[in-house]
1. Take D317 and tell me if it is open to solvent by 10 Å² or more (accessible area, probe 1.4 Å) and either of a type outside the set (F, W, Y) or not in a loop (DSSP other than H, G, I, E, B) (or both).
2. Given the conditions (1) open to solvent by 70 Å² or more (accessible area, probe 1.4 Å); (2) in a loop (DSSP other than H, G, I, E, B), which single one is not true for N191?
3. Does region 246-259 contain any residue that is outside any loop (DSSP other than H, G, I, E, B), open to solvent by less than 20 Å² (accessible area, probe 1.4 Å) and not aromatic (F, W, Y)?
4. Within region 224-236, is there a residue that is open to solvent by 80 Å² or more (accessible area, probe 1.4 Å), in contact with a strand residue (DSSP E or B) (Cβ under 6 Å, 6 or more places away or on another chain) and not β-branched (V, I, T)?
5. Can you name the residue in region 331-347 that is open to solvent by less than 80 Å² (accessible area, probe 1.4 Å) and either under 17 Å from K277 (Cα atoms) or in contact with a helix residue (DSSP H, G or I) (Cβ under 6 Å, 6 or more places away or on another chain) (or both) and is also modelled with the lowest pLDDT among such residues?
6. Out of the residues in region 37-57 meeting the condition of being out of contact with any helix residue (DSSP H, G or I) (no Cβ under 6 Å at 6 or more places or on another chain) and surrounded by 15 or more Cβ atoms within 10 Å (Cβ to Cβ), tell me which one is modelled with the highest pLDDT.
7. Looking at (1) in a loop (DSSP other than H, G, I, E, B); (2) within 16 Å of K201 (Cβ to Cβ), which is the only condition F280 fails?
8. How about region 139-166: which of its residues are among the β-branched types (V, I, T) and modelled with pLDDT of 95 or more?
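The values are calculated or read from the model by the stated rules, or taken from the named source; none is laboratory data. Everything quoted here is computed from the prediction, not taken from an experiment. A quick note on method: Cβ atoms are made from the backbone with ideal geometry, for glycine too, and the neighbour counts reach across all protein chains shown. Side chains included, ligands, DNA and RNA excluded: accessible areas come from the protein's heavy atoms. Shrake-Rupley method; radii C 1.70, N 1.55, O 1.52, S 1.80 Å.
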Amino acid sequence: MIKRLPFVLLAWIIADVYFFRAVSTLTDNSFVLYGYWLIDVIIATGFALLITRRSAGSQPPKLISWLMAFTLLTLIPKIFAMPVLLIEDITRLFRHFPPRSIWVSELALAIAAFVFFSLIYGVTGGRHRYKVHRISLFFDDLPEAFDGFTITQLSDIHAGSFTSKNGVEKGIRMVNKQHSDLLLFTGDLVNNKASEMDPWKETFGKLAAAHGKYSVLGNHDYGDYVKWDSEQAKHANLARLKKVHKEIGFNLLLNEAVKIKKGDQSIALIGVENWGKGGFHKYGDLKKSAEQVPDTEFKILMSHDPSHWEAKTLLNDKHINLTLSGHTHGMQFGIELFGFQWSPVKYMYPQWAGLYKKGGKYLYVNRGFGFLGFKGRLGIWPEITVITLHRK
């Protein structure tokens, strides 16, 4: 968040100043006008506090969460309203800049209000509006015994963000109703600390699959985004988190592969530790993970960050039939209607949600089960993925 702060502040200032012109067109009430800027002062104070705390070696997660929520609630509605004001200003340019039309300002405020209350719904109802995404994939080299084999994928649980037990249990019931053969979790069990999972172990321990439950680590699982008293404390947290995976029934794969057997046939399941482009740590080692897997075996890879697919997986000597990732959350905000798909995160991750294919290799990016930062979801709903494998 800190790295993107200059861009956020620039967008915030432009949207604020521009939208204020619409507000001042409709009212000269000093309480409203001063209140408009007071909100900005409060948010700016929060950012200043965050920067101060960060320079002291701390990134308080609650402050970051609240700042993200309030920034989105105040910024996004204004951005959506800006095109209406911009269009009028273009016409005013050719009309010698007459006063702004009241009805245009009213329209801009109506659009902003609609977006604002939609975001409020995202915080209240959208965070647990789980959606099941079903896809069928066909392969020439899939063993016959696995024709019709089903996989449920979950990703990005982020247990430290949960507050509603009923909401989370609703999602768990939906997962188990799929009755999939295999359950795979592609990382980010917690936000920062293993203890965040303590209230939820019983709930997630109810997850079941006939051929087992497997998992990998995500970037948040290593405790890299919180200040620790010592390196020993950080390592102890990671060790505890690995035990938590076992306690809820997951077989955690750490740069290794296992065989999933059905009768006398099998497929390979490979799990790498987190590997991400840019400033993310690169703990994952695909070469090591797959070195004992025969070239002829059908392979499924669990890798938390989808940037690993183009950077490493597609270039790997061994043919990885299907990669499962998460990480992006679809930014928890966007549009998915009638085949149209958009979220701001697409400008950071070419593969950010859904199915992708290159060179006969598939990647599926799960939109995430939980949420982080912005305590809600809008348009990009929490996801339960069900993949059915078929032999051509």
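1. The answer is yes for D317.
2. With respect to (1) open to solvent by 70 Å² or more (accessible area, probe 1.4 Å); (2) in a loop (DSSP other than H, G, I, E, B), N191 is out only on (1).
3. Looking through region 246-259, none of the residues is outside any loop (DSSP other than H, G, I, E, B), open to solvent by less than 20 Å² (accessible area, probe 1.4 Å) and not aromatic (F, W, Y).
4. Scanning region 224-236 turns up no residue that is open to solvent by 80 Å² or more (accessible area, probe 1.4 Å), in contact with a strand residue (DSSP E or B) (Cβ under 6 Å, 6 or more places away or on another chain) and not β-branched (V, I, T).
5. Filtering region 331-347 for residues that are open to solvent by less than 80 Å² (accessible area, probe 1.4 Å) and either under 17 Å from K277 (Cα atoms) or in contact with a helix residue (DSSP H, G or I) (Cβ under 6 Å, 6 or more places away or on another chain) (or both), the one modelled with the lowest pLDDT comes out as P344.
6. Only one residue tops the list, namely F47.
7. (2)
8. Of everything in region 139-166, those that are among the β-branched types (V, I, T) and modelled with pLDDT of 95 or more turn out to be T150, I151, T152, I157.
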